[in-house]
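Please treat every number below as a calculation from the coordinates, not as lab data. All values reported here derive from a predicted model rather than from experimental measurement. Here Cβ is always computed from backbone atoms with ideal geometry, including for glycine, and neighbour counts include all displayed protein chains.
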Amino acid sequence: MSERGRTRPSGSATALYEAYDTALLDLDGVVYAGGEAIAHAVESLRTARDGGMHLAYVTNNALRTPETVAAHLTELGAPAGPADVITSAQAVSRLIAEQLPAGSRVLVIGGEGLRVALRERGLVPVESADDGPVAVAQGYGGPELPWGRFAEACYAINRGVPWFASNTDLTIPSARGIAPGNGAAVEVVRIATGAEPQVAGKPLPPMHRETILRTGARRALVVGDRLDTDIEGAFNGGVDSLLVLTGVTDAAGLLAAAPRHRPTYVDADLRGLLTGQPEVAVTGDGFGCGGWTASAGGRTLVLEGEGTALDGLRALCAAAWTEAGEGASTLDAGKALAKLGL
């Protein structure tokens, strides 16, 4: 079943780390949360890597360099080197380099990760709109980024300089809660200039292309916790995806997903890489998975039977997505999810 016609999660007779050659892994909410490893993540990644799967860590955060990200992952115990990390800073730098000659000056509104990525592409980072930039590159600069940096971006853009953004995630998780992300900063510049940036990060194609170019993946599996970046990015790239329920997406959000947000597989955490995935079968009464049968009854999702919560959720996805077709499901799932403890 193609990603674009998905009406239920797919099954896999073999473990996912054997069925796919490369995992394109999101970080926050998948590998770690608040800087600490998520339960079962490190052991699962090691087992998948030892089984022959290439692990690539794909992040929209343009602040940190691949070396810094790899060092953090190594500290947590996850297998990672700098070459295994792909950032939106790298994706946007390639996008700029394809449109401008080597040696071009680029005004940087962001952090060290963006500067390093621009230099890697033969571009010259500058700090002022008066330094003769021929492009503006904006990426997440952290909570200490001075307000005056946005003014520099506006000065250059209002002079006709093209504007590029690493990503437009409105929020970013932190140890203290949810903080404004690069998308919020992009909105500041957009409001002040009326301009629109070229964007590279997930879920847009430049980020997926960057990961494929850097990893050489032939059969990639996107692994993430967000429907609107990770899963939509897989949809746009035409590759399969695994949603893990360790981050921002909950069961109700998954059931309401529009086609571009429907993952190929669903699992609790990264242990899903190490196993096959059960089939969701069409039954006379609806859709069955494990010991559960799900169906649409009027404006409500109905769940009958017993078994694991994940199998029940997979069956409910099939019922909800089929009823919704090309739209987003509006069926009431409250009682069904309560039965699963979700």
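When the helix-only estimate is applied to the chain (DSSP H runs of n ≥ 4, each -39,500 (n - 2.57), divided by the residue count), what is the mean residue ellipticity at 222 nm, nearest 500 deg cm²/dmol? Intermediate values should be presented prior to the final figure.
Numbers: 12 runs with 112 residues, N = 342.
The helix-only estimate for the chain comes to -9500 deg cm²/dmol at 222 nm.
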**Request:** Round to the nearest 10 and give me the degree value, 0 to 90, for the angle of helix 148-158's Cα axis relative to the longest principal axis of the chain.
**Result:** 80 degrees
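Can you give me the Rg/Rh ratio for the stretch 215-258, using Cα atoms for both radii and the Kirkwood formula for Rh?
Rounded to two decimals, Rg over Rh is 1.00.
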**Prompt:** Which whole-angstrom value gives the distance between the alpha carbon centres of the stretch 109-137 and the stretch 174-239?
**Reply:** 20 Å
**Prompt:** Against the longest alpha carbon principal axis of the chain, how many degrees, from 0 to 90 and to the nearest 10, is the axis of helix 66-76 turned?
**Reply:** 40 degrees
**Message:** Using a 10 Å cut-off around each Cβ, can you sort 248, 106 from fewest to most neighbouring Cβ atoms?
**Reply:** 248, 106
**Message:** Which residue, 274, 53, 102, has the largest displacement toward the positive end of the dipole of the chain when charges sit on each Cβ (Lys, Arg +1; Asp, Glu -1)?
**Reply:** 102
**Asked** Taking the highest mean first, how do the peptides 52-61, 281-290 order by number of other beta carbon atoms within 10 angstrom per residue?
**Response** 52-61, 281-290
**Request:** Mind sorting 32, 265, 140 by how few other Cβ atoms lie within 10 Å of their own Cβ, fewest first?
**Result:** 32, 265, 140
**Request:** Find how many whole Å separate the alpha carbon centroid of the stretch 1-51 from the alpha carbon centroid of the stretch 287-342.
**Result:** 23 Å
**Request:** Give me the angle, in degrees from 0 to 90, between the Cα long axis of helix 205-215 and the longest principal axis of the Cα atoms of the chain, rounded to the nearest 10.
**Result:** 90 degrees
